[in-house]
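**Q** The structure's right below; bear with me while I get my questions together.
The values are calculated or read from the model by the stated rules, or taken from the named source; none is laboratory data. If you're wondering where the values come from, they're calculated on a predicted model, not measured in any experiment. All Cβ positions, even for glycine, are placed from backbone atoms using ideal geometry, and neighbour counts span all protein chains on display. Calculation scope for accessible area: heavy atoms of the full protein, side chains included, ligands and nucleic acids excluded. Shrake-Rupley method; radii C 1.70, N 1.55, O 1.52, S 1.80 Å.
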Amino acid sequence: MKLLILSDAHGKVDLVKKILELNEVDVVVFAGDIAPYGAIHRAYDALAKFAQYLRPRTVIAVPGNMDPLEIYERAERELGIKVVHGKAFTVDEVTFIGVGGSPPTPFGTLTEFTEEEIEELLMRAYSQAGSKGRIVLVTHGPPYNTRCDIVLTGQHVGSTKVREFIEKHQPILCVCGHIHESRAIDEIGRTKIVNPGPLFRGYYAVAEVTEITATVELKKLR
């Protein structure tokens with residue numbers, strides 16, 4: 001299965017048209033933050049346009065910390081996007097589970113959760129996963145203490161509970177975003193971790209998920 005991995009669009013959804021011209025993919029995984037900066041009221045319209053461009057591919061998503069949760073609930077009903085925030089969804093024997101939002105930030109953004117709430121949402125999703133063999137974890141906030149969660153000061157700001165979940169359950173791949181300056185690929189045990197970088201700057205990633213592993217490549221529009 002070939003995945004297109006996107007995060008942090010912040011309204012710049014038209015860029016996916018060029019990305020799809022350059023890449024043949026089966027499933028699109030979006031790790032949140034569709035809302036344009038300073039225009040939260042336009043978040044649903046951006047998500048609707050995003051879904052339109054990506055049809056007929058399956059789209060897996062979680063909300064970002066800048067996104068209203070309710071627009072993803074509406075998108076699941078009206079646009080066919082598979083939202084895995086606290087839930088599971090299986091495509092061709094690969095099970096996607098996830099949690100959106102982020103741990104608390106200094107900025108008090110729209111959708112933030114305590115680490116205890118993140119753990120609860122992760123376990124709720126994991127309990128719904130019918131096949132525990134090939135799991136792709138989709139989180140907006142990256143796991144703590146990886147190459148994917150470092151802010152400009154050098155501090156690690158990811159989720160400790162996302163990291164603990166990965167250490168214990170070893171999903172085949174973790175897709176995350178949130179930290180724009182921490183575009184990277186890393187590993188925790190057998191789990192590949194990828195923060196593709198912000199879509200609004202033309203960054204994305206492509207992954208190939210096989211029976212036993214995932215290979216990931218970071219890419220950028222020229």
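**Q** What single numbered condition from (1) outside any loop (DSSP other than H, G, I, E, B); (2) of a type in the set (D, E); (3) open to solvent by less than 10 Å² (accessible area, probe 1.4 Å) fails to hold for E21?
**A** Condition not satisfied by E21: (3).
**Q** From the list D33, D8, which one is in contact with a Pro (Cβ under 6 Å, 6 or more places away or on another chain), among the acidic types (D, E) and surrounded by 12 or more Cβ atoms within 10 Å (Cβ to Cβ)?
**A** D8 is the lone residue from the list that is in contact with a Pro (Cβ under 6 Å, 6 or more places away or on another chain), among the acidic types (D, E) and surrounded by 12 or more Cβ atoms within 10 Å (Cβ to Cβ).
**Q** In the stretch 166-211, how many are open to solvent by 10 Å² or more (accessible area, probe 1.4 Å), small (G, A, S) and part of a loop (DSSP other than H, G, I, E, B)?
**A** Final tally of qualifying residues: 1.
**Q** Can you tell me which residue in the stretch 36-75 is nearest to G11 (Cα to Cα), limited to those that are surrounded by fewer than 17 Cβ atoms within 10 Å (Cβ to Cβ) and among the acidic types (D, E)?
**A** Only one residue fits best here, namely D45.
**Q** Any idea which of V216, V209 is within 21 Å of D33 (Cβ to Cβ) and either small (G, A, S) or touching a residue at least 60 places away in the same chain (Cβ under 8 Å) (or both)?
**A** It is V216.
**Q** Being farther than 15 Å from D67 by Cβ, open to solvent by less than 20 Å² (accessible area, probe 1.4 Å) and assigned to a loop (DSSP other than H, G, I, E, B) is the filter here; which residues of the stretch 100-129 pass it?
**A** Scanning the stretch 100-129 gives P103, A129.
**Q** Is it the case that E78 is modelled with pLDDT of 95 or more, open to solvent by 50 Å² or more (accessible area, probe 1.4 Å), farther than 24 Å from G197 by Cα and over 17 Å from the mean Cα position of the chain (by Cα)?
**A** Working: modelled with pLDDT of 95 or more: yes; open to solvent by 50 Å² or more (accessible area, probe 1.4 Å): yes; farther than 24 Å from G197 by Cα: yes; over 17 Å from the mean Cα position of the chain (by Cα): yes.
Spelling it out, E78 is indeed modelled with pLDDT of 95 or more, open to solvent by 50 Å² or more (accessible area, probe 1.4 Å), farther than 24 Å from G197 by Cα and over 17 Å from the mean Cα position of the chain (by Cα).
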